[in-house]
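In what follows, a single structure is set out as structure tokens and then discussed.
Bear in mind these aren't lab numbers, they're just calculated from the coordinates by the rules spelled out. Bear in mind that the values here come from a model prediction, so they are computed numbers and not experimental data. FYI the Cβ positions are ideal-geometry reconstructions off the backbone, even for glycines, and counts take in every protein chain you see.
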Amino acid sequence: MKENRFFRFLWRNWENGFSSRFSAGFALLFSSVMMIVFLSLMMRSDMISDRLIQARIIGANSTAVVLFADRDAGKELLSSFAASQSIEVAYLFSGNGELLAEYKEENAPSTGILPEDMRRNGYEFGMQHLRVVQAVTHNGDDIGFVALRFGLRQFYQRLLGYVTMIMVVALAAFFIMKFLLFRMEKLVDKAESHLDYLAHTDPVTQLPNRHAFNKKLAESLEFADQSGSEVGLILLDLDNFKVVNDTMGHQCGDALLHMLSQRLALAARSTDIVCRIGGDEFVVIMNSISKASVDVNSIANRILDVLAEPFRFDVHEFFLTASVGSSLYPTDAEDSETLIRKADTAMYSAKLKGKNAFEIFLPEMDRVAQRRLALESSLRRALERNEMVLHYQPQIDLRSRTIIGVEALMRWDHPEYGLVSPAEFIPVAEESGLIVPLGKWALRTACLQNAGWNDAGLSPIRVAVNLSARQVREPGLMQDIGQILEETGLPPSQLELEITEGIMMENVDSNIQLLHSLQQAGISLSIDDFGTGYSSMAYLKRFPIDQLKIDRSFVNDIHQGGEAIIGAILAMAHSLGLSVVAEGVETEAQLTFLESLGCDVVQGFYFSRPIPADQFLALLRANSKKEPSDWVAG
Amino acid sequence: MKNRLHGRIVCWLLGVFFALPASLSAAPVEENALKAAFIYNFISFTEWPAGTFGAGGAINLCADSRSPMASSMAALNGKHIKAMRLNLHLLDSLQSDLSPCHILYIDRTDRQNWTPIKKKIDNASILTISDDSEINASGVMIALSTLNNKIVFDIDMNVTQRARLAMSSKLLRLARTVR
């Protein structure tokens with residue numbers, strides 16, 4: 001392990017510059033050496049050819065000397081030539097090898113040319129001397145030899161001069177290159193660290209991003225393994241952030257996220273690492289915690305506390321809430337992936353519990369999650385297997401006391417689990433996207449059913465169908481609805497679509513467009529669960545809606561201090577020209593109260609729970625014969 | 001084959017040179033042989049005007065048959081110089097027609113005849129060589145003499161140039177004097 005690290009260190013250093021510097025230096029050295037070799041070879045061959053020419057000139061001039069055996073003239077001739085060049089020793093031999101004339105430079109070493117070696121034209125390039133032999137010819141005959149010995153001191157001096165120059169130039173080039181390389185490396189390092197920063201940092205909050213989070217978590221887990229400590233992971237998902245982003249713009253959203261990140265940093269301990277791992281998802285890695293759950297609890301609660309303070313941007317104030325989940329390493333999970341998944345499960349469970357809450361991961365959450373998974377997989381086949389049914393809950397007009405409408409509610413009769421609550425499977429369907437085909441099926445079934453009741457000769461009523469967020473976002477929704485109405489033959493005025501406040505506010509501009517086209521098609525629109533979400537009064541006027549549905553929680557609060565809200569909603573809705581439906585009416589007292597305030601329509605167990613279509617048909621038939629005052633709880 | 005033979009002869013000649021070191025006067029025959037070799041060398045370093053020798057022509061060396069050098073010069077007969085054959089013509093008298101001659105060797109045998117001969121061959125491209133001190137003093141081109149047991153020669157460039165003969169500078173350099 002240590003060795004491995006050492007080699008990795010070496011390799012990294014090798015890669016980071018050392019190799020490039022070394023190879024560049026080596027290339028320079030190599031080219032210098034090659035240049036020197038080439039130069040010396042060239043100088044050598046130049047010198048040889050020069051000296052051969054010189055020998056030939058002396059030889060040509062020596063013919064008469066040799067023929068007349070004139071030693072004095074020979075000596076004179078040799079010294080006259082020898083004076084000019086670096087000749088150390090020169091000999092003139094006759095054809096039979098007798099020395100005719102000789103010249104010796106002062107102090108020239110006497111080692112030299114043996115007459116036996118001198119019989120052939122040619123040269124010998126030694127370490128210290130160049131020996132050249134040239135035949136003296138006359139009329140095509142060899143009549144003698146000129147033998148010359150040249151000292152190489154001058155040659156080596158010049159070569160040394162060149163070598164020195166080349167080395168100096170190469171050295172200078174090396175230092176220039178080193179300097180340039182150094183500068184480039186610095187630039188590259190800077191760019192690399194900037195890239196690294198960009199790759200690991202979230203630009204909005206300056207917090208580590210998901211990529212960095214994975215690394216840091218792995219490091220923390222490794223450290224925990226070594227020290228035997230625990231790691232807590234807190235996962236935080238903003239509940240309503242998308243709405244802020246959509247209504248106030250991204251600039252505002254980014255500013256809020258930035259503020260939030262600062263608050264999170266304050267809430268966390270100095271050893272904790274806060275990361276932003278998604279659009280509205282944050283995470284806190286809690287290193288080396290001692291009494292795990294206590295620490296995690298306190299930090300999570302501090303996080304919720306700092307969130308509770310309103311966020312101010314411009315002139316606006318925002319309240320952000322978050323669902324927080326936590327998990328512990330190694331108690332809950334043995335690897336980072338599982339740890340994240342468990343924190344996510346806990347966070348999800350907090351979200352299910354009504355948001356703005358904190359949950360520590362518990363093993364049963366996994367079972368819930370597994371059930372969700374199982375539900376999702378069987379939900380995929382629920383339609384094919386005809387497991388889905390619609391139940392209908394009547395809506396009663398308070399003035400005429402007659403059924404004027406009905407809300408279609410989805411029920412799932414699972415062959416294994418029995419009747420699955422919509423509260424359980426609708427979120428699963430929403431998340432998996434299955435809500436789109438399910439919603440479409442519900443719409444079609446409800447319309448078909450209502451058309452059937454029309455055909456049965458019953459007085460026409462309106463059927464209300466819920467639209468989910470996903471459905472509203474589907475681009476083909478309007479077309480689908482038109483097609484369904486056409487196929488089933490239900491008049492558009494007998495269809496009512498219910499949309500929650502949350503969905504409405506999600507994408508205001510495109511929703512207004514959608515609602516307008518629905519209204520133009522003659523379809524009624526009502527806002528579901530009114531008063532529980534995030535509504536802008538300004539939009540209430542802009543949206544082309546016909547009706548508000550007061551959330552059952554307000555009706556439940558009647559006689560427990562909630563009357564004022566209902567009164568206010570009714571007054572506002574009526575003044576805006578909207579009719580009001582009260583949901584969840586269970587007692588006579590509630591009914592009386594709503595009636596006294598002028599509520600238009602009621603729906604609830606007091607009259608009837610949601611019932612299958614055939615039962616509803618019976619109820620409808622009975623209703624048309626009965627007086628309105630005969631209505632009693634079913 | 002011819003070349004090799006030629007080479008051998010040259011070697012022999014050179015051998016003659018060096019086999020005879022100091023004492024020339026003591027052996028006149030050997031001195032004459034050395035002089036003959038000198039004559040051969042002079043011919044090889046001399047250029048005749050273009051067209052002197054016809055195609056396949058020969059170089060004619062003329063001398064008086066009574067000359068003491070005659071026997072020594074006989075060795076030169078039939079040698080080749082510049083791809084031409086050297087023919088030795090030993091004349092009964094130098095009073096006869098000398099026009100075929102390219103080289104004329106004169107010695108004391110013809111000392112009295114030198115002046116008329118000189119007139120006769122005036123301006124003709126004939127290389128004149130002598131070893132007689134008197135003749136040497138009066139307008140011969142190459143004058144051979146003996147000094148300190150060595151054979152030396154002097155060259156008269158005036159006469160040579162008048163005869164349109166060119167002598168190699170290599171030869172001139174070896175001459176004791178050049179006039």
(Q) How far apart, in nanometres, would the label points at A:L373 and A:D455 be if each is projected 7 angstrom from Cα along the Cα-to-Cβ direction? (A) 4.5 nm
Q | Computed FRET value (nearest 0.05) for A:Y156 with A:F30, which takes r as the C-beta separation and R₀ as 25 Å | A | 0.60
Q: Starting at the first residue of the range B:99-115, write each ³J(HN,Hα) from the Karplus equation 6.51 cos²θ - 1.76 cosθ + 1.60 with θ = phi - 60°, in whole Hz, x for Gly and Pro.
A: 4, x, 6, 9, 10, 10, 9, 10, 9, 4, 3, 10, 3, 6, 7, 4, 4
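Provide the FRET efficiency to the nearest 0.05 for the A:S79-A:M165 pair, computing r from the beta carbons and using R0 = 41 Å.
0.70
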Q | Residues A:E487 and A:H316, FRET efficiency given R0 of 60 Å [Cβ-Cβ distance, rounded to 0.05] | A | 0.80
**Q.** Within 10 Å of each Cβ in B:163-176, the average number of Cβ atoms from other chains
**A.** 3
Q) Hey, how many Å between the Cα centroid of the range B:93-165 and the Cα centroid of the range A:243-302? A) 130 Å
Q. At what distance in nm do the modelled label points of A:A172 and A:H211 sit from each other, each positioned 7 Å from its Cα along Cα→Cβ?
A. 4.5 nm
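May I ask you to list the chymotrypsin sites (Phe, Trp or Tyr not before Pro) in the range A:156-201 that are in a DSSP loop and have at most 13 other Cβ atoms within 10 Å of their Cβ?
Sites meeting the loop and neighbour criteria: none at all.
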Q: Please give the peptides A:551-560, A:142-151, A:494-503 ranked by average Cβ packing (other Cβ atoms within 10 Å per residue), highest first, as a rough proxy for protection.
A: A:142-151, A:494-503, A:551-560
Q.
Multiplying the sequence separation of A:S575 and A:Q251 by 0.36 nm and subtracting their Cα-Cα distance, what value in nm do you get?
A. 113.1 nm
Q: Give me the distance in nm between label points sitting 7 Å out from Cα along the Cα-to-Cβ direction at A:H194 and A:H516, one decimal.
A: 4.7 nm
Q: Highest first, please rank the peptides A:604-615, B:44-55 by the mean number of other Cβ atoms sitting within 10 Å of their residues.
A: A:604-615, B:44-55
**Q.** Residue-by-residue Karplus 3J(HN,Hα) for the range A:33-49, coefficients 6.51, -1.76, 1.60, Hz, glycine and proline x
**A.** 4, 4, 5, 5, 4, 4, 4, 5, 5, 5, 4, 5, 5, 4, 5, 4, 5
Q: Would you please put A:412-419, B:94-101, A:58-65 in order of how densely packed they are, using the mean number of other Cβ atoms within 10 angstrom per residue and starting with the highest?
A: A:58-65, B:94-101, A:412-419
Q: Kindly provide the pair-distance distribution of the range A:469-586 built from C-alpha pairs, with 10 Å bins from 0 and whole-percent values in order of increasing distance.
A: 13, 43, 30, 12, 2
Q.
Please compute the length gained on full extension between A:R380 and A:Q262, using 0.36 nm multiplied by the number of residues separating them and subtracting their Cα-Cα distance.
A. 38.2 nm
Q: Give the Kirkwood hydrodynamic radius (Å, one decimal) of chain A, defined as one over the mean of 1/r across all pairs of different Cα atoms.
A: 33.9 Å
Q) On full extension of the chain, what length is gained from A:A618 through A:R302, given 0.36 nm per residue of separation minus the C-alpha to C-alpha distance? A) 108.1 nm
**Q.** Helical contribution to [θ] at 222 nm, DSSP H n ≥ 4, -39,500 (n - 2.57), averaged over chain A, rounded to 500
**A.** -17000 deg cm²/dmol
(Q) Quick query: amide H of A:E407 versus all other amide H atoms, modeled in the peptide plane; which residues come in under 5 Å with a sequence gap of 5 or more or a different chain? (A) A:Q393, A:Q395, A:A464
Q: Go through the range B:36-48 residue by residue and turn each phi into a ³J(HN,Hα) via Karplus (6.51, -1.76, 1.60, θ = phi - 60°); whole Hz please, and just put x for glycine and proline.
A: 4, 4, 4, 4, 4, 5, 4, 4, 5, 9, 10, 10, 8
